[in-house]
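This report concerns only the one structure given below.
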Amino acid sequence: IMLGSSSSHTPRRSPRHLPDDTQTSPMIRKRKVASSSSSSSQKKTATDTPPVSVLASSSSSLPPSSVNISPPIVVPASSVIPEDLTAKFAVALDHLRKVDPALGQLIDRVGPCRLGVRSADDINITPYISLLRAIVFQQLSTKAASTIWRRFCDLFPSGVPTPAGILGASDETLRSAGLSGQKVSYVRDLSQRASVESIPFETIHELDDGAIHTHLIAVKGIGKWSVDMFLMFYLGRLDILPEGDLGIQNAIMKLYGLSKRPLPKQVLETGEKWRPYASVAAWYLWRSLDNMPK
């Protein structure tokens with residue numbers, strides 16, 4: 001099935017800001033899905049939950065689908081950190097080492113910060129595509145979600161989903177890619193808001209964190225965790241601390257030798273000294289779990 005396209009939201013490089021590294025790199029051009037790929041089912045209770053990943057050092061009794069877990073961050077070995085980021089990271093790491101010796105030791109073990117570094121396949125992803133993809137990936141393994149995402153993109157002539165194309169498609173067509181009925185309603189809601197420009201995608205990089213949160217939290221299927229990931233990995237905001245993330249909680253427990261995982265409120269209290277570079281601290285905490293996809 002091939003859907004009509006619209007040029008109003010064709011992905012293009014977002015100026016001045018870091019791209020989306022919240023998941024493994026998607027190829028947003030049209031691709032043919034291998035015939036051996038099997039269809040993947042989705043839970044119909046998904047709401048603002050990241051892909052299901054295996055967390056090292058995780059002892060949570062909660063099922064993966066009911067908690068926020070750390071985002072898989074793919075950093076190609078050949079990637080080169082941009083010069084402007086190198087300067088920012090140098091300042092951030094100097095600050096973090098001074099205010100938190102334990103975190104400083106972790107920084108030394110992990111090495112250079114590569115927050116926001118990604119492959120060439122992702123350089124043209126727009127805010128709309130980034131959020132659309134985040135919805136598709138909710139509550140799924142990276143492999144299953146990637147298959148569904150490719151099938152979803154293949155519904156469109158250019159291989160790029162557009163608001164007009166999604167709104168003009170039937171539920172049956174959208175579900176043929178592997179989306180659940182609930183996720184169909186989510187991508188429609190995001191696309192409707194994009195089509196009437198109730199979310200200022202063209203200028204979203206100019207808004208402060210609070211304003212972006214207000215705009216995005218109103219979208220079905222997008223919650224605080226998803227907004228935090230968007231701010232960190234798409235817009236490159238350096239002072240975001242996802243306090244409800246299970247990976248962050250586990251990493252803090254491990255770093256400071258705590259007997260139990262800290263509550264979100266305690267994560268914020270611990271991270272107050274990291275500001276204004278909480279995003280960088282969070283990146284190192286995720287790395288400390290050694291559960292990033294290779």
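The values are calculated or read from the model by the stated rules, or taken from the named source; none is laboratory data. This one's a predicted model, so the numbers in the text were calculated from it and none came from an experiment. Heads up, the Cβs are rebuilt from the backbone with ideal geometry, glycines too, and the neighbour counts pull from every protein chain shown. SASA here: full protein model, heavy atoms, side chains in, ligands and nucleic acids out. Shrake-Rupley method; radii C 1.70, N 1.55, O 1.52, S 1.80 Å.
The table below lists the values:
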quantity	calculated
Residue selected from region 123-176 under the condition acidic (Asp, Glu) and within 26 Å of Ala218 (Cα to Cα), by the criterion most open to solvent (accessible area, probe 1.4 Å)	Glu172
Selection count where residues are out of contact with any Ser or Thr (no Cβ under 8 Å at 6 or more places or on another chain), touching a residue at least 40 places away in the same chain (Cβ under 8 Å) and surrounded by 23 or more Cβ atoms within 10 Å (Cβ to Cβ), scope region 223-234	1
Members of region 152-171 found to be part of a loop (DSSP other than H, G, I, E, B) and of a type in the set (Val, Ile, Thr), listed by number	Val160, Thr162
Extreme residue, farthest from the chain's Cα centre (by Cα), among residues of region 261-277 that are open to solvent by less than 60 Å² (accessible area, probe 1.4 Å) and within 20 Å of Ala92 (Cβ to Cβ)	Thr270
Complete set of residues in region 241-260 that are charged (D, E, K, R), over 14 Å from Ser279 (Cα atoms) and either touching a residue at least 40 places away in the same chain (Cβ under 8 Å) or surrounded by 17 or more Cβ atoms within 10 Å (Cβ to Cβ) (or both)	Lys254
First in region 182-197 and under 10 Å from Ile135 (Cβ atoms) and in contact (Cβ under 8 Å) with a residue 60 or more places away in the chain, second anywhere and open to solvent by 30 Å² or more (accessible area, probe 1.4 Å) and part of a helix (DSSP H, G or I), Cβ under 9 Å, 6 or more apart	Lys183/Arg175
